[in-house]
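Read-outs: derived from the displayed coordinates by stated rules, not from any lab. Every value quoted in this text rests on a predicted model; they were computed, and no experiment measured them. Cβ sites come from the backbone with ideal geometry, for glycine too, and all protein chains shown count toward neighbours.
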Amino acid sequence: MIRFILGLFILFGAVGADDYAIEAGIQGPPIMQTVLLSLLGLSLMLWALPKLSQMYDDQ
């Protein structure tokens, strides 16, 4: 569960930083930084999914 939440926060942070820069009218982070952080967050979330499904399928 911690991996999933951490991945979600990383994903939100990557996308949120880019969105904030667009709204503020400043230059945002490089696109590769946004893509790599998003992929890191998604990979953490995907890594946690088998454990989460196993944990909640038993109930």
Just checking, which of ILE10, ILE5 is surrounded by 15 or more Cβ atoms within 10 Å (Cβ to Cβ) and part of a helix (DSSP H, G or I)? ILE10
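Output the residues belonging to the stretch 13-27 that are among the small types (Gly, Ala, Ser), assigned to a helix (DSSP H, G or I) and out of contact with any helix residue (DSSP H, G or I) (no Cβ under 8 Å at 6 or more places or on another chain).
GLY16, ALA21, ALA24
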Of all residues being loosely packed, with under 13 Cβ neighbours inside 10 Å and small (Gly, Ala, Ser) in the stretch 14-58, which is nearest to ILE2 (Cα to Cα)? Just the residue, please. SER53
Could you say whether any residue in the stretch 28-38 is over 17 Å from the mean Cα position of the chain (by Cα) and assigned to a loop (DSSP other than H, G, I, E, B)? yes
